[in-house]
Amino acid sequence: MNIDATTQSLAALIVELPLLKGLSSNHLQILADNAMQSQFKDGELIFREGDPANRFYLIQSGRVALESS
């Protein structure tokens with residue numbers, strides 16, 4: 001799949017998310033242009049408290065546990 005097809009696919013997912021309703025089409029496109037899909041294994045650590053906030057996660061399926069020390 002090329003980048004344009006991936007961006008189009010992610011844009012289609014993003015516009016349907018209730019959390020993002022009300023954003024302008026321009027803002028939705030910016031999100032889609034910068035989005036990437038990721039998969040994580042069961043038990044895999046995604047980030048730690050204090051890590052740089054350089055990602056925004058939208059969970060399509062599965063579960064995530066948030067723990068604080």
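The values are calculated or read from the model by the stated rules, or taken from the named source; none is laboratory data. Not measured: the values here are computed from a predicted model. No Cβ is skipped: glycine too gets one built from the backbone with ideal geometry, and neighbour counts run over all protein chains shown. In case anyone asks, the SASA skips ligands and DNA or RNA and just uses the protein heavy atoms, side chains included. Shrake-Rupley method; radii C 1.70, N 1.55, O 1.52, S 1.80 Å.
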Check: How large, in percent, is the carbon and sulfur part of the accessible surface of the chain at a probe radius of 1.4 Å?
Finding: 52
Next item on the list: Determine ³J(HN,Hα), in whole Hz, for all residues of the range 16-23 in sequence, where each value follows from phi through the Karplus function 6.51 cos²θ - 1.76 cosθ + 1.60 and θ = phi - 60°; x replaces Gly and Pro.
Entry: 8, 6, x, 4, 9, 4, x, 6
Notebook entry, point to check: Where does helix 25-34 land angle-wise versus the long Cα axis of the chain, in degrees 0 to 90, nearest 10?
Noted result: 50
Check: Full extension from residue 61 to residue 13: what is 0.36 nm times the residue separation minus their Cα-Cα distance, to one decimal in nm?
Finding: 16.0 nm
Check: Roughly how tilted is helix 3-15, in degrees to the nearest 10 and between 0 and 90, from the longest Cα axis of the chain?
Finding: 80
Next item on the list: Counting helices only, and only those DSSP H runs with n ≥ 4, report the 222 nm mean residue ellipticity of the chain as the sum of -39,500 (n - 2.57) divided by its residues, in deg cm²/dmol to the nearest 500.
Entry: -10000 deg cm²/dmol
Next item on the list: Find which of 45, 15, 58 sits farthest along the positive direction of the dipole of the chain, computed with +1 on the beta-carbon of Lys and Arg, -1 on that of Asp and Glu, about the Cα centre.
Entry: 15
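Please get the size of the charge dipole for the chain, origin at its Cα centre, with Cβ charges of +1 on Lys and Arg and -1 on Asp and Glu, quoted in debye to the nearest 20.
With only Lys, Arg, Asp and Glu charged at Cβ, the dipole is about 100 debye.
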Next item on the list: Go through (i) 14.0; (ii) 11.5; (iii) 13.3 and flag the label whose value is the computed Kirkwood radius over Cα pairs in Å for this structure.
Entry: (i)
